[in-house]
Each structure stands twice: as structure tokens, then as C-alpha cells.
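Have a look at the structure below, then the notes.
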Amino acid sequence: MVESILSADAAILLWIQDNLRADWLTPIMTTITRLGGLGLIWILISLMLLCIPKTRWAGVAGLAGLTCSLLLNNMILKNLAARTRPYEVIEGLQLIGKRATDFSFPSGHTGSSFAAAVAICRTQKGSRGYRLLLVFAALMGFTRLYIGIHYPTDVICGALTGTVCGLFAAWLVSRCRASIMSGKSI
């Protein structure tokens, strides 16, 4: 079972490399993936939301989701799994950009993207425009495959753990907000 998953991971990455990489697309994908470095784009979005009273709680939720993802994905799961990067293992896979210094599983870029996007969307229920953040989070995950720095299973698990972190952050923020509004302690 594990061997077939690893084989599928490799086949997908090589297929992306052979069929989807293009000279005109690579600068776009590398720019998007760089925006996700250290959660920078999501920190900026959350800080912008903090500045607007109507969206302040969404900004708080976005930052809380990012913090949860950082702790879970980058500090705990990456070190427990200690998975080698795909470009070090898959013969013929060429990395676009710099080599990573940490482990592969799960994708921290994807985890932080989904954590922030889900937290913001859950906090801003009914605002359709915020759903574009989820599309951007998925695109962020795809860029990690495109450049060859993550396995598909890294990205899928990053999306799942990020979603859980985002839901937890939105729940936590809603509890804090309700507590503050009612004047009660949490």
C-alpha cells in the first residue's frame, strides 16, 4: 500500500514536470509560491483585515489559523515524519528554485494557506468574495507540486491539517468574540 502511494506520488510529479511546466508559466508559479513563504501573503491579508472594523475578527482568525498551522505542521509533523524531499529521491525530477532545508511532509505552504483561508472564510460567513482565498490556497498547494518541492500527499495532508487549523481558529475566535460581546470570561 505505502509503495503504491509513493509510486503514484512520483508519477504525478513527473507528469506535471513533463506536461504542465512551461516557460511562460514558471515565473507565475514561482511568484505565487514565494508569496507563501513564511505565510507572508496570509499575514498581510490578515493584517489588512484587522485594520477594518467590519473584518477585524476575520483578521484575528487568519492569524490564529496561521499560528496553529505553524505549530502543527512545521514544528510537530514535519519533524515526526522526517520525509525526504521528492527532488532528492525521484530520478529525473528537476527542482525549480532553491533546495529546502527542512522536511517535506506536510506542505507548510499549503497548510498555512488553507489555515488562513478557511479561518477567514468561516469568520466572514456569507461573503462570497472570500471564497477566492480558498481557490488561492489550492493554487498555492499546486505550485508546490509544479516546482517539485513537495509530493502530492504532502500537499493533500497540508490542505487537510490547514483546514482543521482554520476551523479550530474560527471556532476559537467565535468563542472569544461571543465572550467579549456578552462580558463573560471564556
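The values are calculated or read from the model by the stated rules, or taken from the named source; none is laboratory data. None of the values given here were measured: they were computed from a predicted structure. Note: ideal-geometry Cβ built from the backbone for every residue, glycine included; neighbour counts use all protein chains shown.
The table that follows gives values for the structure above.
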{"read-out": "Any chance Leu13 is exposed (fewer than 15 other Cβ atoms within 10 Å of the Cβ) and modelled with pLDDT of 95 or more", "value": "no"}
{"read-out": "Residue check for Asp154: in contact with a Ser or Thr (Cβ under 9 Å, 6 or more places away or on another chain) and of a type in the set (Asp, Glu)", "value": "yes"}
{"read-out": "Tally of residues being surrounded by 15 or more Cβ atoms within 10 Å (Cβ to Cβ) and part of a loop (DSSP other than H, G, I, E, B) across segment 16-31", "value": "1"}
{"read-out": "Selection from segment 121-141 of residues that are within 10 Å of the chain's Cα centre (by Cα) and farther than 17 Å from Leu44 by Cα", "value": "Ala138, Leu139, Gly141"}
{"read-out": "Qualifying residues in segment 10-30 (those that are under 18 Å from Val155 (Cα atoms) and of a type in the set (Val, Ile, Thr)) - the one nearest to the chain's Cα centre (by Cα)", "value": "Thr30"}
{"read-out": "Qualifying residue in segment 99-106 (condition: outside any helix (DSSP H, G or I), within 20 Å of Leu139 (Cα to Cα) and in contact with a Pro (Cβ under 8 Å, 6 or more places away or on another chain))", "value": "yes"}
{"read-out": "Those residues of segment 99-150 which are of a type in the set (Val, Ile, Thr), more than 25 Å from Ala81 (Cα to Cα) and surrounded by fewer than 18 Cβ atoms within 10 Å (Cβ to Cβ), in sequence order", "value": "Val135"}
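Listed here are the residues, each with its yes/no results for (1) at pLDDT below 95; (2) touching a strand residue (DSSP E or B) at 6+ places or on another chain (Cβ under 8 Å); (3) part of a helix (DSSP H, G or I); (4) more than 28 Å from Pro53 (Cα to Cα).
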position	(1), (2), (3), (4)
Cys121	yes, no, yes, no
Lys125	yes, no, no, no
Ala137	no, no, yes, no
Thr143	no, no, yes, yes
Gly148	no, no, no, yes
Thr153	no, no, yes, yes
Thr163	no, no, yes, no
Phe168	no, no, yes, no
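Yes or no, residue by residue, for (1) at positive phi; (2) not in a helix (DSSP H, G or I):
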| site | (1), (2) |
| --- | --- |
| Gly39 | yes, no |
| Ile45 | no, no |
| Lys54 | no, no |
| Trp57 | no, no |
| Ala64 | no, no |
| Leu70 | no, no |
| Leu77 | no, no |
| Arg83 | no, yes |
